[in-house]
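Enquirer: Quick one: the structure is below, questions incoming.
Here, each number is a calculation from the coordinates, and none is a lab measurement. Remember, predicted model here, so these are calculated numbers, not experimental data. Cβ coordinates were reconstructed from backbone atoms using ideal geometry, including for glycine residues, and neighbour counts include every protein chain displayed.
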Amino acid sequence: DAMVIQNPRYQVTQFGKPVTLSCSQTLNHNVMYWYQQKSSQAPKLLFHYYDKDFNNEADTPDNFQSRRPNTSFCFLDIRSPGLGDAAMYLCATSIYDSNQPQHFGDGTRLSIL
Amino acid sequence: DQQVKQNSPSLSVQEGRISILNCDYTNSMFDYFLWYKKYPAEGPTFLISISSIKDKNEDGRFTVFLNKSAKHLSLHIVPSQPGDSAVYFCAASEEDKIIFGKGTRLHILP
C-alpha cells in the first residue's frame with residue numbers, strides 16, 4: 001500500500017541535543033509538509049517543499065531546518081531542542097494542486113529531557 | 001489569530017443518532033474545505049471535502065455542508081457508529097496551504 005512513513009514513532013532527546021526526524025513516502029507526491037502539533041492544538045505548518053523548492057512559514061523558528069534529498073524522503077532537523085519543542089511532528093504529502101487532500105504519516109512524538 | 005475555528009472541544013452522541021460537527025472560518029479566500037479524522041497514535045486521515053463552489057457534498061454516511069455567507073461548514077455523520085469515535089479536524093485551503101482547526105473529539109455512546 002502506498003503510504004507516508006515516519007521514523008521513529010517516539011523520540012526522546014536531551015535539551016539542546018540535535019535531533020532528526022524522518023519521513024518517507026511511496027505516493028510519489030511532489031509536495032511534502034512538516035507540521036508541529038501540541039496537545040489540544042491545531043497542527044501548525046512549519047514548512048513545505050514543492051519538489052526541491054523549500055517554503056518556510058514566517059513564524060517557524062530558525063531552530064527548525066529541513067532537507068529533502070529526493071522525492072521520497074524529507075527530514076526535519078531541530079538544531080537545539082528546547083522544552084517548548086516537545087510535540088507531535090506530522091509529515092504529510094500531496095499532489096501539487098490546491099484542491100487535493102494531504103496524506104499524513106502517523107507522526108513522531110518528540111520528548112525533551 | 002485562528003482562521004479556522006472549532007468551538008466545541010468535544011461532543012457525545014448516542015450510537016445510531018446523527019453527529020453534527022461545526023466549523024467556522026474567517027478567510028473568505030479559502031476555496032476548499034476538508035474534514036480529517038484522527039485516532040489516537042495515528043496521523044489524521046482524510047474524510048471528505050467540499051469546494052467553495054458547492055454547498056453540499058455527500059459520501060456514504062458523511063455529508064459536509066458549506067454556508068459561505070456565514071463562513072460556516074458542518075460535518076454530519078448519520079447514523080453514528082462506535083468506530084466514529086475520534087478527533088475530527090476541520091481544515092481550509094488557500095492555494096497550497098491547509099489551515100487546521102483545533103479539532104473536536106467525538107464520543108459515540110452505546
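Enquirer: Where in segment B:41-110 are the strands (runs of 3 or more DSSP E), entirely inside, with at least 1 residues that are within 14 Å of another protein chain (Cβ to nearest Cβ) and without any contact (Cβ under 8 Å) to a residue 60 or more places away in the chain?
Expert: Passing ranges, in order: B:45-51, B:56-59, B:62-67, B:86-94, B:97-100.
Enquirer: Please tell me if A:VAL31 is within 11 Å of chain B (Cβ to nearest Cβ), touching a residue at least 12 places away in the same chain (Cβ under 8 Å) and of a type outside the set (Lys, Arg).
Expert: On the way: within 11 Å of chain B (Cβ to nearest Cβ): yes; touching a residue at least 12 places away in the same chain (Cβ under 8 Å): yes; of a type outside the set (Lys, Arg): yes.
For A:VAL31, the condition - within 11 Å of chain B (Cβ to nearest Cβ), touching a residue at least 12 places away in the same chain (Cβ under 8 Å) and of a type outside the set (Lys, Arg) - is met.
Enquirer: Then there's this: Provide a single number: the residues in segment B:13-40 that are within 21 Å of B:ASP55 (Cα to Cα), part of a strand (DSSP E or B) and among the polar types (S, T, N, Q).
Expert: Residues in segment B:13-40 being within 21 Å of B:ASP55 (Cα to Cα), part of a strand (DSSP E or B) and among the polar types (S, T, N, Q): 2 in total.
Enquirer: Hey, another quick one. For segment A:45-57, what are the residues that are without any contact (Cβ under 8 Å) to a residue 24 or more places away in the chain, within 12 Å of chain B (Cβ to nearest Cβ) and more than 10 Å from the chain's Cα centre (by Cα)?
Expert: Residues satisfying the conditions are A:ASP53, A:ASN55, A:GLU57.
Enquirer: Which of the numbered conditions does A:GLN41 fail, given that it passes all the others? Conditions: (1) more than 13 Å from chain B (Cβ to nearest Cβ); (2) closer than 23 Å to B:ASP96 by Cα; (3) more than 12 Å from the chain's Cα centre (by Cα).
Expert: Here A:GLN41 meets the rest and fails (1).
Enquirer: Quick one: is A:LYS17 crowded, with 16+ Cβ neighbours inside 10 Å and charged (D, E, K, R)?
Expert: Criteria not met by A:LYS17.
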